[in-house]
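Below: one structure, written as structure tokens.
The values are calculated or read from the model by the stated rules, or taken from the named source; none is laboratory data. Being a predicted model, the structure only gives us computed values, none of them experimental. Neighbour counts run over all protein chains shown; Cβ positions are idealised from the backbone, glycine included.
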Amino acid sequence: MLLEQVATGGCQSYLVGCPTTHMAALIDPASGQVDHYLGLAAQHGVRIRYLVDTHTHADHFSATLEMKQMLGVPVVMHALAPAVHADMRLEHGQTLMVGALRFEALHTPGHTRDSMCLFVAGADGGHVFTGDTLLFGGTGRSDLPSGDPEQLYDSLFERLLRLDPATAIHPAHDYKGGQASTIGAEIATNPRLQKRDRAEFVAMMRRLNLSAPTHLTEALRTNMNGGVPMARLLAEATARVPFISLAGLADAVSGRDNDLIVLDVRERDLFGAAHVPGALHLPRGQLELLVNAMLPDPTRRIVTVCEQGKISTLAAATLRTMGFTRVMALDGGMKAWRDAGFPSEGTVWEGGGL
């Protein structure tokens, strides 16, 4: 059995393949690693046949929808998953066939209502992909949307921990990196699993008082409804837009390049505080509505400017989509412009903005 683990920070994904049929499943893929997954599959000569999310992730962005659209293969989740893009919904005890490999779905709610683990027997013994149900030295939290500590207790003690003690575990998180463990080792040493009384375990989980994940709302709406995260929007815009350096724009401004329009897309107060000399002002929120009146000549060179270079990149991508083919964005934005000591027009800068 082919088994490759890919880390994205503390998040873990797994490429699991059948060496006989060269078919593979990709478990818990993370946005931003798509090229890595495809490279691994090519390196090992396998074709990704299934994209699996062990649960609805609330702390990072799944790549299943993006890769489904790219590869034309199904997304697999538990039957209770709210994700609109899931194609195959497994129930407890059902099997996912990946070539000669048989992945048995174990419904393990508690971290989320739709959490499942996948057990597969390899030539070297059993392996279970535990998602966020069981971690190295810990368990998934149960205080996020659809989580339930009582269900988590049942999933652990009445289901997952009854697997062969020699079964290797592969969780969706490894915050230390390079760890390995088995069901038996976790039963013996995992601090949370020492609370074997139901009431004590539930009370412990309710006392954890953990902070919410940084991208909770964005991750949930993206992973449930197929939305696109901001990081991906920005990455896609960056791939379509050329940039001009601070020195390059300074030279153009000082040389009075009449073919160049500097378009500041920040809000009025930020523009008024400090802007590139001679810049025009068109807030990003009004760009599509007013750009034709402000910029009637689509052949002119345009440089979009914002505070830190992100919104101007999105604005430049929008303008290119609208037919302004010579638009570019200022690398670094007005903050970098000011920090480099280039001249500005406006009042005293007070900070803030994107």
Name the residues in region 176-193 that are surrounded by 13 or more Cβ atoms within 10 Å (Cβ to Cβ) and either part of a helix (DSSP H, G or I) or not polar (S, T, N, Q) (or both), would you? Ile183, Gly184, Ala185, Glu186, Ile187, Arg192, Leu193
Mind checking which residues of region 132-150 are surrounded by fewer than 18 Cβ atoms within 10 Å (Cβ to Cβ) and either in a helix (DSSP H, G or I) or aromatic (Phe, Trp, Tyr) (or both)? Glu150
Going through Phe103, Phe129 one at a time, which residue ends up being under 11 Å from His170 (Cα atoms), modelled with pLDDT of 95 or more, in the same structural domain as Lys195 (by TED's automatic domain parsing) and not in a loop (DSSP other than H, G, I, E, B)? Phe129
Just to be sure I understand, how many residues within region 225-248 are aliphatic (A, V, I, L, M), within 24 Å of Ser62 (Cβ to Cβ) and in a helix (DSSP H, G or I)? 7
If Val84 passes every condition in (1) at pLDDT 95 or above; (2) β-branched (Val, Ile, Thr); (3) more than 22 Å from Leu210 (Cβ to Cβ) but one, which one does it miss? (1)
So if I check each of His57, His78, His22, which one is under 30 Å from Val202 (Cβ atoms) and at pLDDT 95 or above? His78
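For every residue, the table says whether it meets (1) of a type in the set (A, V, I, L, M); (2) within 24 Å of His60 (Cα to Cα).
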{"position": "Gly126", "(1), (2)": "no, no"}
{"position": "Phe129", "(1), (2)": "no, yes"}
{"position": "Leu152", "(1), (2)": "yes, yes"}
{"position": "Ser155", "(1), (2)": "no, yes"}
{"position": "Leu160", "(1), (2)": "yes, no"}
{"position": "Ile169", "(1), (2)": "yes, yes"}
{"position": "Asn190", "(1), (2)": "no, no"}
Across region 253-272, the tally of residues that are within 35 Å of the chain's Cα centre (by Cα) and not in a loop (DSSP other than H, G, I, E, B) stands at 7
Could you tell me which numbered condition Tyr153 fails, if it satisfies all but one of (1) in a helix (DSSP H, G or I); (2) surrounded by fewer than 18 Cβ atoms within 10 Å (Cβ to Cβ); (3) in contact with a helix residue (DSSP H, G or I) (Cβ under 6 Å, 6 or more places away or on another chain)? (2)
Within region 165-199, count every residue that is acidic (Asp, Glu) and under 26 Å from the mean Cα position of the chain (by Cα). 1
Within region 292-313, of all residues that are out of contact with any Ser or Thr (no Cβ under 9 Å at 6 or more places or on another chain) and crowded, with 21+ Cβ neighbours inside 10 Å, the one farthest from Leu234 (Cα to Cα) is Ile302
Select the helices (runs of 4 or more DSSP H) contained entirely in region 283-346, then report the ones holding at least 3 residues which are more than 19 Å from Ala247 (Cα to Cα) and either assigned by TED's automatic domain parsing to the domain that holds Asn258 or touching a Cys at 6+ places or on another chain (Cβ under 8 Å) (or both). 287-294, 311-321
Going through Arg159, Arg207, Arg221 one at a time, which residue ends up being assigned by TED's automatic domain parsing to the domain that holds Glu104 and touching a residue at least 12 places away in the same chain (Cβ under 8 Å)? Arg159
Among the residues of region 322-354, count how many are at pLDDT below 95 and within 27 Å of the chain's Cα centre (by Cα). 3
Looking only at region 200-217, and only at residues there that are buried (at least 16 other Cβ atoms within 10 Å of the Cβ) and modelled with pLDDT under 85, the one that is farthest from the chain's Cα centre (by Cα): Pro213
Ala336 vs. criteria under 30 Å from Val34 (Cβ atoms) and surrounded by 18 or more Cβ atoms within 10 Å (Cβ to Cβ): no
Restricting attention to region 312-333, which residues are under 16 Å from Leu260 (Cα atoms) and among the β-branched types (Val, Ile, Thr)? Thr325, Val327
Restricting to region 12-62, what's the tally of residues that are out of contact with any helix residue (DSSP H, G or I) (no Cβ under 8 Å at 6 or more places or on another chain) and among the basic types (Lys, Arg)? 1
Within region 255-269, is there a residue that is within 19 Å of Val241 (Cβ to Cβ) and surrounded by fewer than 17 Cβ atoms within 10 Å (Cβ to Cβ)? yes
